[in-house]
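Accompanying notes for the structure given below.
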Amino acid sequence: MRTNQEIISSIELEYQNKRRRNEINLQKRKRKLYEQYPYLEKIDDEINMKYLSIVKDSIEEKNVNDKTYKDIDELKKQKKQYIMENNIDMSSIKMNYECNICKDTGILENNGKISRCQCYINRYNSLVYENMNMSKLFEDCNFDKFDIEIFDDVKKIGKFTQREFMSKMRNKALSFIDNFDDKNEKSMLFYGQVGVGKSYLCLCIAEKLIKKRKNVVYESSSELFEKLARYVFSSDKTQNSDAAVFNSLVYNCDLLIIDDLGSEMTNDFVRNQMFSIVNIRAVNGRKTIISSNLTQDELQERYEQRTFSRISSYYNTYKFIGRDLRMPKLQIK
Ligand SMILES: [Zn+2]
């Protein structure tokens with residue numbers, strides 16, 4: 001099993017290779033064009049030589065001769081003229097990118113804010129998905145295998161038997177998936193005791209949304225906060241570090257599933273992070289599913305009030321009932 005860092009290194013390498021390949025292909029097309037139009041190469045060489053001389057002069061702290069700039073302008077004019085006269089298609093020597101949005105860097109910059117391009121996030125998620133062998137896990141955890149019969153249908157807990165409740169929850173989950181892109185569809189908080197099917201349902205939802213090509217990040221809360229701490233407390237804040245990528249994913253993926261909230265060591269860092277995740281994702285209209293074995297009161301005690309005011313506005317809350325069925329649980333390591 002590959003670590004997160006190994007996955008990110010392999011994507012970085014893929015992107016490097018992509019850029020190298022783009023460059024090589026561009027050079028090949030350029031060579032072909034020059035063979036066809038040698039005069040074009042001659043002018044380009046001359047322009048490059050002029051630029052080099054400017055660089056050389058400035059390194060040697062000499063004044064750059066104005067004539068050099070004029071010569072460059074003149075050469076550019078000649079080049080333009082030559083291209084027109086010969087009707088040369090210059091589009092063949094434009095760089096071709098697989099992703100025109102990030103130009104195959106995987107990085108977007110917006111007002112000084114760095115984020116990951118969707119192409120990178122997609123690639124990351126599909127590798128994580130493969131790596132976690134989720135496909136194997138999904139063999140058992142998916143809506144087709146969702147067997148309502150295993151839930152007790154005799155004893156009512158409150159208004160429903162466990163089976164009636166789970167059947168209701170299955171429909172809720174399916175409608176959450178159907179309406180996933182609807183901004184009015186709320187996020188979800190699942191709580192209740194261990195083994196009543198919360199994680200199982202989270203996995204079924206993840207499976208279906210990944211099939212619909214949504215970016216799903218599924219983490220146990222202990223792993224989630226540990227990984228975020230690695231970013232926050234690291235001196236390496238470069239956007240390429242695995243911690244930075246993970247940090248960006250937590251805020252920007254289509255669906256974040258935080259499993260077993262409360263199982264982590266809850267401290268001020270966790271409380272702050274929890275607020276900023278819930279708040280920022282809600283503000284940006286991104287959906288989150290939180291599952292927890294704690295009661296609502298325990299959750300309120302443990303995290304910040306402002307986190308709960310966001311959860312009450314942006315989440316539908318479901319209390320899972322019934323006995324521990326030891327539902328298959330996701331192990332992410
Ligand atoms: Zn991109």
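The values are calculated or read from the model by the stated rules, or taken from the named source; none is laboratory data. All of these numbers come straight from a predicted model, not from anything done at the bench. Cβ: placed from backbone, ideal geometry, glycine included. Neighbour counts: every protein chain shown.
Regarding segment 118-125, can at least one residue be identified that is away from the ligand (no atom under 13 Å from the Cβ) and not assigned by TED's automatic domain parsing to the domain that holds Glu12? Steps first, answer last, please.
Looking only at segment 118-125, we keep the residues that are away from the ligand (no atom under 13 Å from the Cβ), and these are 125.
Okay, now just the ones that are also not assigned by TED's automatic domain parsing to the domain that holds Glu12, so 125.
Yes, segment 118-125 has at least one match.
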Wholly inside segment 246-333, helices (runs of 4 or more DSSP H) that include 2 or more residues that are hydrophobic (A, V, I, L, M, F, W, C) are 268-283, 305-314
When you look at Tyr39, is it within 16 Å of the ligand (Cβ to nearest atom) and either outside any helix (DSSP H, G or I) or not assigned by TED's automatic domain parsing to the domain that holds Ser248 (or both), yes or no? no
The number of residues in segment 178-193 that are crowded, with 21+ Cβ neighbours inside 10 Å and more than 18 Å from Glu164 (Cα to Cα) is 3
Only unsatisfied item for Lys56, checking (1) under 40 Å from the mean Cα position of the chain (by Cα); (2) outside any loop (DSSP other than H, G, I, E, B), is (1)
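How many residues are polar (S, T, N, Q) and either at pLDDT 90 or above or part of a helix (DSSP H, G or I) (or both) when one looks only at segment 106-121? Walk me through it before giving the result.
Filtering segment 106-121 for residues polar (S, T, N, Q) gives 110-111, 115, 118.
Filter once more, so that each one left must be either at pLDDT 90 or above or part of a helix (DSSP H, G or I) (or both): 118.
So the count comes out to 1.
Results for (1) in a loop (DSSP other than H, G, I, E, B); (2) exposed (fewer than 15 other Cβ atoms within 10 Å of the Cβ), shown as yes or no for each residue.
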| position | (1), (2) |
| --- | --- |
| Asp104 | yes, no |
| Arg123 | no, no |
| Lys145 | yes, yes |
| Val154 | yes, yes |
| Arg163 | no, no |
| Met166 | no, no |
| Gly195 | yes, no |
Selection from segment 27-61 of residues among the aliphatic types (A, V, I, L, M) and within 26 Å of Asn87 (Cβ to Cβ) yields Leu33, Leu40, Ile43, Ile47
Output for Cβ contacts, cut-off 9 Å, separation at least six or different chains, first residue more than 14 Å from Asp324 (Cα to Cα) in segment 188-206, second at pLDDT below 95 and small (Gly, Ala, Ser), reads Phe190/Gly197; Phe190/Ser199
Ser175 vs. criteria among the small types (Gly, Ala, Ser) and either surrounded by 13 or more Cβ atoms within 10 Å (Cβ to Cβ) or within 16 Å of the ligand (Cβ to nearest atom) (or both): no
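One line per residue, one yes/no per condition, for (1) without any contact (Cβ under 8 Å) to a residue 24 or more places away in the chain; (2) surrounded by 20 or more Cβ atoms within 10 Å (Cβ to Cβ):
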| residue | (1), (2) |
| --- | --- |
| Val250 | no, yes |
| Phe269 | no, no |
| Met274 | no, yes |
| Thr288 | no, yes |
| Gln296 | no, no |
| Ser309 | yes, no |
Just one listed residue, out of Arg310, Arg281, Arg271, is over 27 Å from Cys204 (Cβ atoms) and of a type in the set (Lys, Arg), and it is Arg271
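For Ser221, are the conditions met, namely being over 29 Å from Asp181 (Cβ atoms), in contact (Cβ under 8 Å) with a residue 40 or more places away in the chain and not charged (D, E, K, R)?
On the way: over 29 Å from Asp181 (Cβ atoms): no; in contact (Cβ under 8 Å) with a residue 40 or more places away in the chain: yes; not charged (D, E, K, R): yes.
No; evaluated as a whole, the condition is false for this residue.
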Of the residues in segment 85-108, those that are over 19 Å from Arg29 (Cα atoms) and away from the ligand (no atom under 14 Å from the Cβ) number 1
